[in-house]
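A.B. asks: Below you'll find the structure I mean.
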Amino acid sequence: MDPREVNRTLIFVCIGHYVVVIGGVARMSDPKMIKEIKAAVTIPVMAKVRIGHFVEAQILEAIGIDYIDESEVLTPADELHHINKHNFKVPYVCGAKNLGEALRRISEGAAFIRTKGEAGTGNVVEAVRHIRTVNSEIRRAASMGDEELFAYAKELQAPYHLLKESARLGRLPVVNFAAGGVATPADAALMMVWHGHFILAKVLWEVRVLWKGQLGCDGVFVGSGIFKSGDPAKRARAIGTFRRFISPILIPISINYSHVTYMSPPSSVPTVQAVTHYNDAKVLANVSEDLGEAMVGINISDLSEDQKLAKRGW
Amino acid sequence: MLALQGAFIEHVHILKRLPEVAEAILVRTQEQLESVDALIIPGGESTAMALIAERCGLFEPLRKFTRSKPTWGTCAGMILLANEASKTKKGGQQLLGGLDIAVNRNQFGSQVDSFETDLHMSAVLGESAPPFHAVFIRAPIVTALNSEDVQVLAKLEHQVGQTDTETIVAVRQGHLMATAFHPELTPDDRLHSYFVRLAQDYKGKSQDVVTMAN
């Protein structure tokens, strides 16, 4: 799969599991439902498979899905090996917390990468940590000579030629999206590139912080953080069959066991606008207004180690 | 360069290599739109672009721009410039219009049905020029030409899946140009040069004295 063929700020529907901390195994969604969604929308459709579960992937490819997310959010099917993505025609996205992981996934055939963040928490801190880790490791590699790169590749547990290519480009050789905990338009803009410095919008946190630097994502996934906001009345209106609400913009559709839940998106269009206008603080301020209560979210330190999804993936 | 969504940065990389382009401006606001001589609408997701444009108050200004100023739509951009589109979502989708053509979205299928092929495009490149290597990703096609002014620039030279050879994949109508494929994804800048020449011709005709830009 040629990485060129992935559009920046891709707008698509991503079908996944909202991982409820109850227990049980989270698996690929029912193909029948995926087919129905594919028939109902005109935008590309992406669906998740368990890490290492190449047969779930074969099934999804057979029903004509546009992209596959080999996702740590589902229960891994293989605790040592990821899918050999070169065996597939359909492009894959995989999550990564650091450069070594990103390059390992790319060498297995991933067409694009996303940060893992910590899915389901509405807390962007982990996504920020992951993109900053990848960026700083690439910057370090870019300053190295070949002998040092051989040693660094060993340290990162990454293929040398991909490390060298990343160092040469100053970025990953594929696009890198932000994911996992993006809960507001401001979060989305935070993860995008800002030339120079940017300002965390005052609107939600009552704090104005000047940061120098670029977080450098090529696009953003939004998920439960947008759609699990605190207003129960809005949520009640939203629960129902997806047919009642088809939006042309990104609506991640979360599957809660037997039925599909989705959110009438008070905040999803503003998030898309925030990604377009990531460097225009006035627009960001406007789109951040009146979104209702944001997802309450979870503090990462409140999660126990085995609840952390980002640890999955080798 | 309409930079609301999609593969705009790839177009900008090519534009920056062309000496006739004074500046390649990323257009996200009405002021930026009014500052350019010509516009490229990139590939991406046409319904998303239309929605974002509407939300930014850019949709009507875009429509006005495409009525008279040189515009090139690639893939999603071609859909937006068409007067009619089929296989749209329930309730239809908003189009900028201007090109007297009908298009069929996602003609070839989903992402896995993407393909690359060579097109001779003699009207654009010259009779004996090497073919243009065209990348088609969830591409639309032109199903009808609704005016004699529409010039066919390229047709498929091989059958692809269920789609016949001779299917129209690039057109021009005066100041408007549209391609179903993505010239910004290959290093071949001949089509971008062609569009720049088109824009220069039109600039010569108009009274505006603005930077030559996309």
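A.B. asks: Looking at the stretch A:48-62, can you tell me whether even one residue there is open to solvent by 30 Å² or more (accessible area, probe 1.4 Å), over 20 Å from A:V175 (Cβ atoms) and either in contact with a strand residue (DSSP E or B) (Cβ under 6 Å, 6 or more places away or on another chain) or at pLDDT below 80 (or both)?
C.D. replies: no
A.B. asks: If the requirement is being assigned to a helix (DSSP H, G or I) and either under 18 Å from the mean Cα position of the chain (by Cα) or among the aliphatic types (A, V, I, L, M) (or both), which of these qualifies: B:L62, B:L96? Full working, then the answer.
C.D. replies: Details: B:L96 fails: assigned to a helix (DSSP H, G or I).
Going through B:L62, B:L96 in turn, just one is assigned to a helix (DSSP H, G or I) and either under 18 Å from the mean Cα position of the chain (by Cα) or among the aliphatic types (A, V, I, L, M) (or both): B:L62.
A.B. asks: Any residue in the stretch B:135-146 that is open to solvent by 60 Å² or more (accessible area, probe 1.4 Å) and not in a loop (DSSP other than H, G, I, E, B)? Quick ask: steps written out before the conclusion?
C.D. replies: Our first condition is that a residue be open to solvent by 60 Å² or more (accessible area, probe 1.4 Å); within the stretch B:135-146, this holds for B:143, B:145-146.
Filter once more, keeping what is not in a loop (DSSP other than H, G, I, E, B): B:143, B:145.
The answer is yes; a qualifying residue exists.
A.B. asks: Do we have B:T47 as open to solvent by 10 Å² or more (accessible area, probe 1.4 Å) and modelled with pLDDT under 90 here?
C.D. replies: Numbers: open to solvent by 10 Å² or more (accessible area, probe 1.4 Å): no; modelled with pLDDT under 90: yes.
Here the answer is no, as B:T47 does not meet what is asked.
A.B. asks: Which ones in the stretch A:36-46 are within 12 Å of another protein chain (Cβ to nearest Cβ) and not in a loop (DSSP other than H, G, I, E, B)? If you could, list the steps in order and put the result at the bottom.
C.D. replies: Taking the stretch A:36-46 as the starting set, the residues that turn out to be within 12 Å of another protein chain (Cβ to nearest Cβ) are A:38-46.
If the condition is that a residue be within 12 Å of another protein chain (Cβ to nearest Cβ) and not in a loop (DSSP other than H, G, I, E, B), then A:K38, A:A39, A:A40, A:V45, A:M46 are the ones that fit.
A.B. asks: Still on this structure: Exactly one condition in (1) more than 26 Å from A:G109 (Cβ to Cβ); (2) touching a Pro at 6+ places or on another chain (Cβ under 8 Å); (3) modelled with pLDDT of 55 or more is false for A:F227; which is it?
C.D. replies: (3)
A.B. asks: Could you identify the single residue in B:A53, B:A85, B:A22 that is open to solvent by 10 Å² or more (accessible area, probe 1.4 Å), more than 24 Å from B:V135 (Cα to Cα) and among the aliphatic types (A, V, I, L, M)?
C.D. replies: Numbers: B:A53 fails: open to solvent by 10 Å² or more (accessible area, probe 1.4 Å); B:A85 fails: more than 24 Å from B:V135 (Cα to Cα).
Being open to solvent by 10 Å² or more (accessible area, probe 1.4 Å), more than 24 Å from B:V135 (Cα to Cα) and among the aliphatic types (A, V, I, L, M) holds for just one of B:A53, B:A85, B:A22, which is B:A22.
A.B. asks: How many of the residues in the stretch B:91-132 are away from chain A (no Cβ under 12 Å) and either touching a strand residue (DSSP E or B) at 6+ places or on another chain (Cβ under 8 Å) or open to solvent by less than 20 Å² (accessible area, probe 1.4 Å) (or both)?
C.D. replies: In the first step, residues of the stretch B:91-132 are kept if they are away from chain A (no Cβ under 12 Å); the result is B:95-103, B:107, B:117-132.
This time we only want the ones that are either touching a strand residue (DSSP E or B) at 6+ places or on another chain (Cβ under 8 Å) or open to solvent by less than 20 Å² (accessible area, probe 1.4 Å) (or both), so: B:95-103, B:107, B:117-121, B:123-125, B:131-132.
Total satisfying the criteria: 20.
A.B. asks: It is to be established whether one or more residues within the stretch A:33-41 are at pLDDT 90 or above and of a type in the set (D, E, K, R).
C.D. replies: The initial filter retains those residues of the stretch A:33-41 that are at pLDDT 90 or above, namely none.
Looking through the stretch A:33-41, none of the residues is at pLDDT 90 or above and of a type in the set (D, E, K, R).
A.B. asks: Only one of B:A154, B:A85 is assigned to a strand (DSSP E or B) and within 14 Å of chain A (Cβ to nearest Cβ); which?
C.D. replies: Numbers: B:A154 fails: within 14 Å of chain A (Cβ to nearest Cβ).
Testing whether each residue is assigned to a strand (DSSP E or B) and within 14 Å of chain A (Cβ to nearest Cβ) leaves just B:A85.
A.B. asks: Let me ask you something else. Find all pairs meeting these conditions: Cβ atoms under 8 angstrom apart; at least six residues apart or on different chains; first residue within the stretch B:37-57 and over 24 Å from B:H175 (Cβ atoms); second residue among the basic types (K, R) and surrounded by fewer than 24 Cβ atoms within 10 Å (Cβ to Cβ).
C.D. replies: Qualifying pairs under 8 Å: B:T47/B:K89.
A.B. asks: Considering only the stretch A:63-86, I want to know if a residue exists there that is open to solvent by 10 Å² or more (accessible area, probe 1.4 Å), within 14 Å of chain B (Cβ to nearest Cβ) and part of a helix (DSSP H, G or I).
C.D. replies: Our first condition is that a residue be open to solvent by 10 Å² or more (accessible area, probe 1.4 Å); within the stretch A:63-86, this holds for A:63-64, A:73, A:75-82, A:84, A:86.
Of the ones still in play, those that are also within 14 Å of chain B (Cβ to nearest Cβ) are A:63-64.
When the remaining residues are screened for being part of a helix (DSSP H, G or I), the result is none.
No, every residue in the stretch A:63-86 fails to be open to solvent by 10 Å² or more (accessible area, probe 1.4 Å), within 14 Å of chain B (Cβ to nearest Cβ) and part of a helix (DSSP H, G or I).
A.B. asks: Same structure again: May I ask you to verify whether B:T117 is in a strand (DSSP E or B), under 26 Å from B:Q162 (Cα atoms) and either free of Cβ contacts under 8 Å to residues at least 60 places away in the same chain or not hydrophobic (A, V, I, L, M, F, W, C) (or both)? Write out each step before concluding.
C.D. replies: Details: in a strand (DSSP E or B): yes; under 26 Å from B:Q162 (Cα atoms): yes; either free of Cβ contacts under 8 Å to residues at least 60 places away in the same chain or not hydrophobic (A, V, I, L, M, F, W, C) (or both): yes.
Taking the combined requirement at face value, the residue satisfies it.
A.B. asks: Also: Being within 14 Å of chain A (Cβ to nearest Cβ), in contact with a helix residue (DSSP H, G or I) (Cβ under 6 Å, 6 or more places away or on another chain) and small (G, A, S) is the filter here; which residues of the stretch B:8-59 pass it?
C.D. replies: If the condition is that a residue be within 14 Å of chain A (Cβ to nearest Cβ), in contact with a helix residue (DSSP H, G or I) (Cβ under 6 Å, 6 or more places away or on another chain) and small (G, A, S), then B:G43, B:G44, B:S46, B:A53 are the ones that fit.
A.B. asks: Name the single residue, out of those in the stretch A:116-132 being part of a helix (DSSP H, G or I), touching a strand residue (DSSP E or B) at 6+ places or on another chain (Cβ under 9 Å) and of a type outside the set (A, V, I, L, M), that is farthest from A:L169 (Cα to Cα). Lay out the reasoning, then the answer.
C.D. replies: Pass one, the stretch A:116-132, residues part of a helix (DSSP H, G or I): A:125-132.
Next cut, touching a strand residue (DSSP E or B) at 6+ places or on another chain (Cβ under 9 Å) only: A:126-131.
Narrowing further to those that are of a type outside the set (A, V, I, L, M): A:126, A:129-130.
Values: A:E126: 25, A:R129: 21, A:H130: 19 Å.
Ranking the candidates gives A:E126 first.
A.B. asks: Out of (1) within 14 Å of chain B (Cβ to nearest Cβ); (2) open to solvent by 10 Å² or more (accessible area, probe 1.4 Å); (3) at pLDDT below 90, the odd one out for A:K89 is which?
C.D. replies: It fails just one condition, (3).
A.B. asks: May I ask you to say which residue of A:A102, A:A111 is buried (at least 23 other Cβ atoms within 10 Å of the Cβ) and within 14 Å of chain B (Cβ to nearest Cβ)? Walk me through how you get there before you give the answer.
C.D. replies: Working: A:A102 fails: within 14 Å of chain B (Cβ to nearest Cβ).
Being buried (at least 23 other Cβ atoms within 10 Å of the Cβ) and within 14 Å of chain B (Cβ to nearest Cβ) holds for just one of A:A102, A:A111, which is A:A111.
A.B. asks: When you scan the stretch A:139-192 for helices (runs of 4 or more DSSP H) that lie fully inside it, which ones turn up with 2 or more residues that are among the acidic types (D, E)? Step through it out loud before you land on a result.
C.D. replies: Working: elements: A:146-156, A:160-169, A:185-191.
The helices (runs of 4 or more DSSP H) meeting that bar are A:146-156.
A.B. asks: Among the candidates A:K85, A:K35, which residue alone is in contact with a Gly (Cβ under 8 Å, 6 or more places away or on another chain) and not hydroxyl-bearing (S, T, Y)?
C.D. replies: Numbers: A:K35 fails: in contact with a Gly (Cβ under 8 Å, 6 or more places away or on another chain).
Sole residue among the options that is in contact with a Gly (Cβ under 8 Å, 6 or more places away or on another chain) and not hydroxyl-bearing (S, T, Y): A:K85.
The values are calculated or read from the model by the stated rules, or taken from the named source; none is laboratory data. What you see is a predicted model, and the numbers here were worked out from it, not measured in a lab. Neighbour counts run over all protein chains shown; Cβ positions are idealised from the backbone, glycine included. Calculation scope for accessible area: heavy atoms of the full protein, side chains included, ligands and nucleic acids excluded. Shrake-Rupley method; radii C 1.70, N 1.55, O 1.52, S 1.80 Å.
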